[in-house]
Amino acid sequence: MIKIRGLGKSFTGQDGSTVAALRDVDLDVGAHEFLTVLGPSGCGKTTLLKAVAGLVPWDDGDILVDGAPVRGPGPDRSVVFQDFALLPWATVLDNVAFGLRMRGVGRAEREERARSLIATVGLTGFESKLPGELSGGMQQRVGIARALAVRPRVLLMDEPFGAVDEQTRRLLQEELLSIWEEHRPTVVFVTHSMEEAVLLGDRVVLMSARPGRIADIVPVGLPRPRAGDVGALGKSGEYAEITAYLWDRLRAMHAEHRPAGAAS
Amino acid sequence: MSAAPAPRAPLRRILDANWPYQLLTFALFAAVWELYARQRGGLLLPGFAETARATVDLLGEAELWRALYVSNQALALGFGIAVVAGVPAGIVLGRFRLVERYADVYLNILLVTPMAAIIPLLVMSVGVGLASRVLLVAVFSIVMVVVNSRTGVRQVDPSLIEMARSFGAGERQIWARILLPGALPAIMTGVRLGIGRAVTGMVIVELLMVSDGLGGLILTYRGLLKAPLLYGTIVIILAEALLLISVARWAERKLTRWARTQTTGGAQ
């Protein structure tokens, strides 16, 4: 579904020095796979996601989606943003319908589709509210509904639950799983939470920082469907084993970087 | 419980509103004016009461309404140009840094130049007519519109632009759906401030160069030593400016209600 080969990108700092954000990233994401990308902050995981989305250019390598090279945003992909990125002046309904509007879908059809997705994410009755009147969790439900409304084949999620509280995060994870289990889009989900990466993903891609590289890919054998029972999964032996392994790797990465970055 | 606050409620509402205080300072101002005019007396210093009477008289004069029409023609056309040209200019400046590098210095010149100084220049190049007055009103007020629109565009969350791009929005859609609505609160502030400057420009050009409209009326009354009518004209100009600014403020609140849900609701 998604094929990434030799992806490299560097940023030029204000002092003229270059920082490698991504180097030699090779990655394949299967159709209908739920892939989570885990790594310390600054490892380039968001850059990787936005490159796949076609939102940031890169220096080396190729990204193919369904065999076609990515040259910009496309109707086959949609993004859920960390900071929700909702239009503060538009109602929930207009926000959910926004992507459809950009793609030229007529008013009646886009409102009908938006309403059905608002129902899917449990926001029926809030159609005419403004984002400022909603809690963070509800705002991200709007963000998810907006991304799903355009019926993407690939859903790209950039730390979508990073800005909400713990209980809300749990609920959103369960809801996301049940939506995914029903519609089965390909998902690339970036997170800095080990627990989240393991609970949601079919595989966890572990990235290391400076330069951002793929350090490991860990398959998660937890049974599906997982939607109903995220809590119980969290107590299983396999879950404990995988998170322990990931934690070892992350700690080792951190130790590696300490001499260079002692200040952090 | 329900009976006790009831008698106090109307008083509360009066004390919480702005107008009682404004009325109080106005009464004080009128009293001081009246007293001073009676002490000093003189042909060129009418009292408050006399001015008020003259203002009412003026409202019945065809002369005044003709002057209002002439002046407001320049105001409406000039300020219209300022908004229609200033808002897109401000958005371009806010969105494209490169353009701003070239244009910034001219904007600063417009901001700091004493506008009265460019009136002779304008009259020499455009002539003594409607065009000259329209142009001056536009030049006077456009800076406020441009600067505030630019600020408004800068304040638009860049992630909204990224979001729109992710759904395939082109530059035109980003302008119409993200930049313009996002900058609207600041644009409306610019419009409100711009109206004040437009009225100033309208009167100044008439006073200094093109003796016509309300400014022309002021000059005529001064020449005839009709001080109460002169003061009355000024009162009417002030009333118009206040009215226009109130309308702009009302429109601002009406159009940008979301900006207040934003600050109180926040991301949580």
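What follows is calculated from the coordinates using simple rules that are stated; it is not laboratory data. Here the structure is a predicted model, which is why all the values come from computation and not from measurement. Cβ sites come from the backbone with ideal geometry, for glycine too, and all protein chains shown count toward neighbours.
Run the numbers on segment B:47-261 and let me know its relative contact order in percent, using alpha-carbon pairs under 8 Å that are six or more apart. List each step's numbers first, then the result.
Details: 254 pairs, mean separation 65.6, N = 215.
That works out to 31 percent.
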Largest-first principal axis extents, alpha carbons of segment A:117-264, Å: 53, 36, 29
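Using 1/(1 + (r/R0)^6) with R0 = 22 angstrom and r between the beta carbons of B:Lys226 and B:Leu130, what's the FRET efficiency to the nearest 0.05?
On the way: r = 27 Å, r/R0 = 1.21.
E(calc), rounded to 0.05, equals 0.25.
Report the calculated FRET efficiency for A:Glu241 and A:Asp66 (r = Cβ-Cβ distance, R0 = 30 Å), to the nearest 0.05.
On the way: r = 34 Å, r/R0 = 1.15.
Calculated transfer efficiency: 0.30.
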Rounded, prolate or oblate (a/c below 1.5 giving rounded, otherwise prolate when a/b exceeds b/c) for segment B:1-159 by Cα gyration tensor: oblate
Choice from B:Ser132, B:Ser246, B:Ser71 showing the highest fluctuation, given a GNM over chain B with Cα pairs closer than 10 Å: B:Ser246
Whichever lysines have a C-alpha closer than 30 Å to that of A:Lys235, once near sequence neighbours (fewer than 8 apart) are set aside: A:Lys45
Stretchable slack from B:Ile109 to B:Arg260, in nm (0.36 nm times residue separation minus alpha-carbon distance): 51.0 nm
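Can you quote the Å³ per residue value for the convex hull of the Cα atoms in chain A, rounded to an integer? Walk me through the numbers before you get to the answer.
Values: hull volume 37.2 nm³, N = 264.
Convex hull of Cα atoms, per residue: 141 Å³.
State the volume of the convex hull built on the alpha-carbon positions of segment A:124-189, expressed per residue in Å³ and rounded to an integer. Kindly include the intermediate steps, with their values, before the conclusion.
Numbers: hull volume 6.2 nm³, N = 66.
Residue-normalised Cα hull volume stands at 94 Å³.
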Alpha carbon centroid spacing (whole Å) that separates segment B:177-224 from segment A:60-127: 44
Eligible lysines near A:Lys129 by straight Cα distance, threshold 19 Å, same-chain separation 8 or greater: B:Lys254
Paired Rg and Dmax values of segment B:47-261, which use every Cα atom, in angstrom: 20.2, 69
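Normalised by the number of residues in segment A:117-264, what is the relative contact order in percent for Cα pairs under 8 Å and 6+ residues apart? Kindly include the intermediate steps, with their values, before the conclusion.
Numbers: 133 pairs, mean separation 27.5, N = 148.
Relative contact order, segment A:117-264: 19 percent.
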In degrees, nearest ten, helix B:48-59 long axis to first principal axis of chain B (Cα): 70
18 Å cut-off, amide nitrogen to a point 7 angstrom out along A:Asp28 Cα→Cβ, residues in segment A:142-168: none
Volume per residue that the Cα convex hull of the protein assembly as shown spans, once the total is divided by residue count, Å³: 249
Neighbour-limited loop hits for trypsin sites (Lys or Arg not before Pro), segment A:137-241 (at most 11 other Cβ within 10 Å; DSSP other than H, G, I, E, B): A:Lys235
